[in-house]
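Peer 1: The structure's right below; bear with me while I get my questions together.
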Amino acid sequence: MRILAIDTSTSWCSVALSFDGQIQHRHELIGAGASQHLLPWINELLHSVNAQYHDLDAIAVGIGPGAFTGVRLSVAIAQGLAVGAKRPVIPLASLDAMAMQVVQSNTFQRSSPAADTQFLIALDARMGEVYWARYHVNPISNQPPKRIGEIALSSPESINLDGLAYAAGNAFQEYPKLLESSPLKDRMDTQLVPNALGILDWAKPLLEAKQTIAVEQLEPLYIRNKVALTTEERSAAAHSTPTGHSVG
């Protein structure tokens with residue numbers, strides 16, 4: 001199995017390659033400079049296994065939500081590589097990748113019971129808001145985590161931590177008040193961000209099941225745009241005034 005995985009939805013630039021059983025990976029805090037590093041890192045990983053783009057089976061990419069520029073960058077690079085190599089793509093929500101990282105971590109496995117376990121991923125969305133989603137998994141079933149509902153965007157205060165066995169994501173580091181009275185303080189990872197390894201681990205079973213898409217279908221996931229559009233639509237409906245919308 002030969003999969004390239006990329007994610008630049010946060011300040012971290014992350015690339016991973018699975019090539020005939022070999023795993024190559026690079027994950028660093030870059031900030032706004034990901035556009036200067038992403039392609040050189042990809043080429044570096046391919047060179048390490050003496051491979052070229054056409055040797056890949058698929059390209060997996062984190063589609064967000066996250067930083068607008070970063071999400072657009074990784075999606076655009078994935079599109080360009082997929083077109084050039086004539087390969088399918090595997091889109092993954094960044095929080096879903098984080099959920100996979102959680103269930104494979106030693107801290108989660110030590111803290112979780114053998115029964116069905118619920119946990120929460122929360123990613124800093126800036127502007128005083130958080131992207132978050134709940135997941136459940138049976139730690140002994142060897143099955144990937146399943147998201148409960150849609151990825152949400154809200155204020156940190158609106159997140160409900162009741163009934164959870166674990167929580168993870170950099171939103172808890174950005175908004176420490178979330179944990180002041182929470183029993184999860186000793187059962188969480190406050191530094192977790194999307195990592196291409198999590199995308200890679202999701203992509204493998206999806207490729208085996210042939211759950212890929214054509215490059216023409218690849219789109220970024222902009223939760224904030226959806227929320228803004230819905231609010232605007234409600235306002236327009238309330239005033240019975242037609243409104244045109246443009247989504248970037």
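The values are calculated or read from the model by the stated rules, or taken from the named source; none is laboratory data. The structure displayed is predicted, hence computed values, not measured ones. All Cβ positions, even for glycine, are placed from backbone atoms using ideal geometry, and neighbour counts span all protein chains on display.
Peer 1: Among the numbered conditions (1) outside the structural domain of Arg224 (by TED's automatic domain parsing); (2) among the small types (Gly, Ala, Ser); (3) under 16 Å from Asp7 (Cβ atoms), tell me where Ala76 comes up short.
Peer 2: (1)
Peer 1: Within the stretch 23-46, count every residue that is closer than 21 Å to Ser11 by Cα and in a strand (DSSP E or B).
Peer 2: 6
Peer 1: Name every residue in the stretch 165-179 that is among the hydrophobic types (A, V, I, L, M, F, W, C), within 20 Å of the chain's Cα centre (by Cα) and assigned to a helix (DSSP H, G or I), in order of residue number.
Peer 2: Residues satisfying the conditions are Ala171, Phe172.
Peer 1: Restricting to the stretch 199-222, what's the tally of residues that are part of a loop (DSSP other than H, G, I, E, B) and under 12 Å from Val61 (Cβ atoms)?
Peer 2: The total comes to 5.
This table checks each residue for (1) modelled with pLDDT of 95 or more; (2) buried (at least 21 other Cβ atoms within 10 Å of the Cβ); (3) among the aliphatic types (A, V, I, L, M).
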site: Ala76; (1), (2), (3): yes, no, yes
site: Val83; (1), (2), (3): yes, no, yes
site: Ala93; (1), (2), (3): yes, yes, yes
site: Met98; (1), (2), (3): yes, yes, yes
site: Asn106; (1), (2), (3): no, no, no
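Peer 1: Which one is farthest from Asp7 (Cα to Cα) among residues in the stretch 192-219 that are crowded, with 24+ Cβ neighbours inside 10 Å and of a type in the set (Gly, Ala, Ser)?
Peer 2: In this case the residue turns out to be Ala203.
Peer 1: Condition (residue is touching a residue at least 60 places away in the same chain (Cβ under 8 Å), in the same structural domain as Ala214 (by TED's automatic domain parsing) and surrounded by fewer than 23 Cβ atoms within 10 Å (Cβ to Cβ)) applied to the stretch 31-40: is it met by at least one residue?
Peer 2: Within the stretch 31-40, none of the residues are touching a residue at least 60 places away in the same chain (Cβ under 8 Å), in the same structural domain as Ala214 (by TED's automatic domain parsing) and surrounded by fewer than 23 Cβ atoms within 10 Å (Cβ to Cβ).
Peer 1: Within the stretch 117-128, can one find any residue that is touching a His at 6+ places or on another chain (Cβ under 6 Å) and either of a type in the set (S, T, N, Q) or not assigned by TED's automatic domain parsing to the domain that holds Thr212 (or both)?
Peer 2: Filtering the stretch 117-128 for residues touching a His at 6+ places or on another chain (Cβ under 6 Å) gives 118.
Among the residues that remain, those that are also either of a type in the set (S, T, N, Q) or not assigned by TED's automatic domain parsing to the domain that holds Thr212 (or both) are: 118.
Yes, the stretch 117-128 has at least one match.
Peer 1: Would you check which residues across the stretch 176-191 are out of contact with any strand residue (DSSP E or B) (no Cβ under 7 Å at 6 or more places or on another chain) and surrounded by fewer than 21 Cβ atoms within 10 Å (Cβ to Cβ) and list them?
Peer 2: Pro176, Lys177, Leu179, Glu180, Ser181, Ser182, Pro183, Lys185, Asp186, Thr190, Gln191
Peer 1: List pairs: first residue in the stretch 125-150 and in contact (Cβ under 8 Å) with a residue 60 or more places away in the chain and closer than 17 Å to Asp201 by Cα, second residue surrounded by 19 or more Cβ atoms within 10 Å (Cβ to Cβ) and among the small types (Gly, Ala, Ser) anywhere in the structure, Cβ distance under 9 angstrom, at least six positions apart or on different chains.
Peer 2: Sorted first by the residue in the stretch 125-150, then by its partner, the pairs are Pro144/Ala99.
Peer 1: Tell me which residues, restricted to the stretch 180-198, are in a helix (DSSP H, G or I), touching a residue at least 60 places away in the same chain (Cβ under 8 Å) and under 15 Å from Ile121 (Cβ atoms).
Peer 2: Residue satisfying the conditions is Gly198 alone.
Peer 1: Still on this structure, please answer the following. Does Gln143 satisfy the criteria of being at pLDDT below 90 and either touching a Gly at 6+ places or on another chain (Cβ under 9 Å) or over 20 Å from Trp12 (Cβ atoms) (or both)? First the steps, then the outcome.
Peer 2: Details: at pLDDT below 90: yes; either touching a Gly at 6+ places or on another chain (Cβ under 9 Å) or over 20 Å from Trp12 (Cβ atoms) (or both): yes.
So Gln143 passes the test.
Peer 1: May I pose another question? So, restricting to strands (runs of 3 or more DSSP E) that lie completely within the stretch 47-160, which ones have at least 2 residues that are farther than 21 Å from Lys185 by Cα? Quick ask: steps written out before the conclusion?
Peer 2: Details: elements: 58-62, 89-92, 117-124, 130-137, 146-154.
So the answer is 58-62, 89-92, 146-154.
Peer 1: Select from the stretch 109-130 the residues that are buried (at least 19 other Cβ atoms within 10 Å of the Cβ) and over 18 Å from the mean Cα position of the chain (by Cα) and write down the one among them that is modelled with the lowest pLDDT.
Peer 2: Result: Ser112.
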